[in-house]
Amino acid sequence: MLAKIMLVSAVTIGGVLLAMWIISERGRLLRKTTWATIKAQGLKNNLNFKSLHAYIYARWTKEYIYVLRNIIFPTSDDRGRQKWADRYHGKVITNEQARAVITLNRDIPLHDLEQVIPYPTARNIVLNGPPDVVAYECGCRNSKQNHCSPSQVCMVIGKPFTDFMVDHHPQKTRRLSQTEALDLLEQEHERGHLHSAWFKDVLMNRFYSICNCCKCCCAGTESMNKYGMNFLASSGYVSQVDTSKCKACGTCEKTCHFNAMSVGKTASVNWDKCMGCGSCEVKCPNHAISLVRDEKKGLPFDVRLMA
């Protein structure tokens, strides 16, 4: 009896959410880009409401992230936080690897990516090249009252999601040419910001964006540092300090997104915390830091090698 009541309740709640979804399309029977996204996600994701979850995330990204970082994550126990970490995950990528995705010139099917993406989902994906790229307002930055600028730095990759974002957020998005996308990546890199490739189970278990994160606003790195939520996998590299060049200026310690750098007589790296993003390398005024490949950190998400 209890099981039947729970089933009826779940179906009722699902129906209400679905109705809200349809109504939110401003009185229309869903836009073409919404239908295209629903179709792309397949029957399974639509039946278990993952596509609805994806719709809510894409339509109200700022509000969605605000609720996560200010309400859900702080009040969740370790088990609850781990469930979220299992569903939302990214891979730290270097500036070169991010640029390689943007300049991809052919389709690449990728399979058995456990060493690249050490998560239970998103291991079988297809990268379509050259990719369609849209710049979008960063939900993390905009979920904070006093945030960094510029804020239109998130890069949505590939149809139908790029079309969906432009259709639903015409004032918050802009399509990027390959040159414009590369320029955006370079500008964020020079600021010492973190590049990461993101995968979500609610978005067909696929790669769907490159985020360019600042240390003070990113909800993902904030949750890792505060609560130990493993949202990000290492790039496959680790920072290395040339002590003969290091002046112990402290720039790397201020720049590091993961609190992996400490400075005494010289800078030193906490191997366990370092995710190999390269932010410290680009901001070091003495060129004393470099990224080195470390197989223990996993394989890089490098389409040049995967091809």
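The values are calculated or read from the model by the stated rules, or taken from the named source; none is laboratory data. Quantities reported herein were computed from a predicted structural model and do not represent experimental measurements. Virtual Cβ from ideal backbone geometry, glycine too; neighbours counted across all protein chains shown.
Residues in the range 110-139 that are modelled with pLDDT of 85 or more and either out of contact with any Ser or Thr (no Cβ under 7 Å at 6 or more places or on another chain) or not in a loop (DSSP other than H, G, I, E, B) (or both): how many? The total comes to 7.
For the range 234-262, taking the residues that are touching a Cys at 6+ places or on another chain (Cβ under 6 Å) and among the aliphatic types (A, V, I, L, M), the one that is nearest to Met224 (Cα to Cα) is identified as Ala260.
Filter the range 172-208 down to the residues that are under 16 Å from Thr33 (Cβ atoms) and buried (at least 16 other Cβ atoms within 10 Å of the Cβ), then identify the one that is modelled with the lowest pLDDT. That would be Leu203. Residue check: Tyr237 meets all listed conditions (1) surrounded by fewer than 22 Cβ atoms within 10 Å (Cβ to Cβ); (2) under 22 Å from Asn95 (Cβ atoms) but one, namely (1).
The residues of the range 159-171 that are surrounded by fewer than 18 Cβ atoms within 10 Å (Cβ to Cβ) and in a loop (DSSP other than H, G, I, E, B), listed by number, are Lys159, His169, Pro170, Gln171. Residues in the range 50-109 that are at pLDDT 90 or above, in a helix (DSSP H, G or I), of a type in the set (A, V, I, L, M) and farther than 18 Å from Val133 by Cβ: Ile65, Val67, Leu68, Ile71, Ile72.
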